[in-house]
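Everything on this sheet refers to the single structure shown next.
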Amino acid sequence: MKAARTSRSLIHPLICALAATVAMPVCGCASDAAPTPGSTAPTTPAAPRVLAYLRSIGGSRTVAGQHNKEPNSTPAAATDRVAAIAGRRPALWSGDFLFVAGSVEPANRWTMVYEAKREWDAGALVNLMFHACPPTQPEPCEWEGGVKSTLTDVQWTDLVTEGGALNSAWKQRLDVIAVYLQYLKDNGVEVLWRPHHEMNQGVFWWGGRPGTGGTARLFQISHDYLVKGKGLTNLIWVWDVQDFWTSPGLASPGS
């Protein structure tokens, strides 16, 4: 990661306000050309440079970023547009594993993940999020009635209970995503990882549930499965509340 790129000024209204997030740090490092899916490039573990850099500029500078939404077949379209307008690329590139047909297929997700590596190698910070289909539905799913849906209390309890059918279904979905995250780890890419984002509202199936068995518990389950179970220590876990205060009980995911 080249620190020079992260000094860019604000060039687009959509900013990843990293200073307002709560991160659970783990680590990563860097490499070069992207191999074919499934192959790896060895790296040497390093200190979490992304967190160190963000802490070093705290209170003095802002990282400007651009999110790239669907389709994953063109994972830098929005970033490229900003660069064309501003004459330089945003310091943070953001992508999404998504939920919709045309983006969730392995070929399209690999295209997005390869772009994440290219952006990292060019000096950008990398943010990845996951507008996930609910574990009650297969991929792909719809926005309305899919990502924007509600689990019953019984379904939610099953989801956050070890051995539950929905708990197992969610971990199987994480198994799929872990392959891509492992490729990034093998190539030294540190990822600001934002699953279950904007969880202080109840619009998404994962959000709006305070308490020890609520949304924070799902975040912890996902964290432990990917970090302790899969060894994905290149992820910097971002607890990303939306910009209103509807659920004070969701201010932190706990430890």
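The values are calculated or read from the model by the stated rules, or taken from the named source; none is laboratory data. Since the structure is predicted, the reported quantities are computational estimates derived from the model, not experimental observations. Please note: Cβ atoms are built from the backbone with ideal geometry, for glycine as well, and neighbour counts cover all protein chains shown.
Yes or no, residue by residue, for (1) among the β-branched types (Val, Ile, Thr); (2) modelled with pLDDT under 50; (3) over 19 Å from MET112 (Cα atoms):
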position: LEU10; (1), (2), (3): no, yes, yes
position: PRO13; (1), (2), (3): no, yes, yes
position: VAL26; (1), (2), (3): yes, yes, yes
position: CYS29; (1), (2), (3): no, yes, yes
position: ALA41; (1), (2), (3): no, yes, no
position: ASN68; (1), (2), (3): no, no, no
position: ILE85; (1), (2), (3): yes, no, yes
position: PRO90; (1), (2), (3): no, no, no
Residues being surrounded by 17 or more Cβ atoms within 10 Å (Cβ to Cβ), out of contact with any helix residue (DSSP H, G or I) (no Cβ under 9 Å at 6 or more places or on another chain) and in a helix (DSSP H, G or I): count how many of those fall in segment 146-163. 0
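Evaluate the following for GLN182: is it polar (S, T, N, Q), surrounded by fewer than 17 Cβ atoms within 10 Å (Cβ to Cβ), within 29 Å of ALA107 (Cβ to Cβ) and out of contact with any strand residue (DSSP E or B) (no Cβ under 7 Å at 6 or more places or on another chain)? Before you say what the answer is, go through the steps one by one.
On the way: polar (S, T, N, Q): yes; surrounded by fewer than 17 Cβ atoms within 10 Å (Cβ to Cβ): no; within 29 Å of ALA107 (Cβ to Cβ): yes; out of contact with any strand residue (DSSP E or B) (no Cβ under 7 Å at 6 or more places or on another chain): yes.
Spelling it out, it is not the case that GLN182 is polar (S, T, N, Q), surrounded by fewer than 17 Cβ atoms within 10 Å (Cβ to Cβ), within 29 Å of ALA107 (Cβ to Cβ) and out of contact with any strand residue (DSSP E or B) (no Cβ under 7 Å at 6 or more places or on another chain).
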In segment 199-222, anything crowded, with 18+ Cβ neighbours inside 10 Å and not hydrophobic (A, V, I, L, M, F, W, C) is listed as ASN200, GLY207, GLY208, ARG209, GLY214, THR215, ARG217, SER222
Condition broken by ALA122, with the remaining ones in (1) buried (at least 20 other Cβ atoms within 10 Å of the Cβ); (2) among the hydrophobic types (A, V, I, L, M, F, W, C); (3) under 22 Å from ARG89 (Cβ atoms) satisfied: (1)
Options ASN187, ASN167; residue that is of a type in the set (S, T, N, Q) and buried (at least 20 other Cβ atoms within 10 Å of the Cβ): ASN187
Restricting attention to segment 55-85, the residues that are more than 22 Å from the chain's Cα centre (by Cα) and surrounded by 18 or more Cβ atoms within 10 Å (Cβ to Cβ) number exactly 0
